[in-house]
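The next block holds one structure in the form of structure tokens; read it before the comments.
The values are calculated or read from the model by the stated rules, or taken from the named source; none is laboratory data. Source: prediction; values computed, not measured. No Cβ is skipped: glycine too gets one built from the backbone with ideal geometry, and neighbour counts run over all protein chains shown.
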Amino acid sequence: MTAPQPRPSGSDRRQHLRFPAADRLLGTLIAHKLPVRVRDVGAGGFSVESMQPLATGQVEAVQLLAADDWSAVVEAKSLYCHPSVSRDGLPLFVTGYAFVPDSANAETIATLVQKVTSVRGT
């Protein structure tokens, strides 16, 4: 019998790079009116931090707001949720989302990535 092979981590399975949001994007899960902190964003999706665990396998409308007040609403499917710890030691949860095809057009995604990778965040 062959020993099970370890699964690659989420970052190893990704098809697109993720870029740290560095507090340049805020998010809100619209249906729950729940604010979340956007950790990173890329062409395929993004991850958020929340104080409570979020359901996986759900499609959510998420409003993303940049520091310069640019905003967009995208639909994304939650793929995973796991416990983590904030920089100051408080417990939190990290949830990863994939953009729902056709809900976030290429221009919106490119703008999101530009907002977190530009020097000034504009």
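May I ask you to verify whether P83 is free of Cβ contacts under 8 Å to residues at least 12 places away in the same chain, part of a strand (DSSP E or B) and not basic (K, R)? Spell out how you get there, then give the answer.
Details: free of Cβ contacts under 8 Å to residues at least 12 places away in the same chain: no; part of a strand (DSSP E or B): yes; not basic (K, R): yes.
In short, no.
For V85, state whether it is under 18 Å from L29 (Cβ atoms) and among the aliphatic types (A, V, I, L, M). Please lay out each step first, then the result.
Values: under 18 Å from L29 (Cβ atoms): no; among the aliphatic types (A, V, I, L, M): yes.
No, not satisfied.
Please go through the stretch 21-53 and give me each residue that is of a type in the set (A, V, I, L, M, F, W, C) and touching a Gly at 6+ places or on another chain (Cβ under 6 Å), ordered by number. Before you say what the answer is, go through the steps one by one.
Pass one, the stretch 21-53, residues of a type in the set (A, V, I, L, M, F, W, C): 21-22, 25-26, 29-31, 34, 36, 38, 41, 43, 46, 48, 51.
Once the filter is applied, which keeps residues that are of a type in the set (A, V, I, L, M, F, W, C) and touching a Gly at 6+ places or on another chain (Cβ under 6 Å), the stretch 21-53 yields V36, V38, V48.
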Would you please name the residue that is farthest from the chain's Cα centre (by Cα), looking only at residues in the stretch 29-43 that are crowded, with 16+ Cβ neighbours inside 10 Å and closer than 23 Å to A106 by Cβ? A43
Can you tell me which residue within the stretch 3-45, out of those that are of a type in the set (K, R) and touching a helix residue (DSSP H, G or I) at 6+ places or on another chain (Cβ under 9 Å), is modelled with the lowest pLDDT? R7
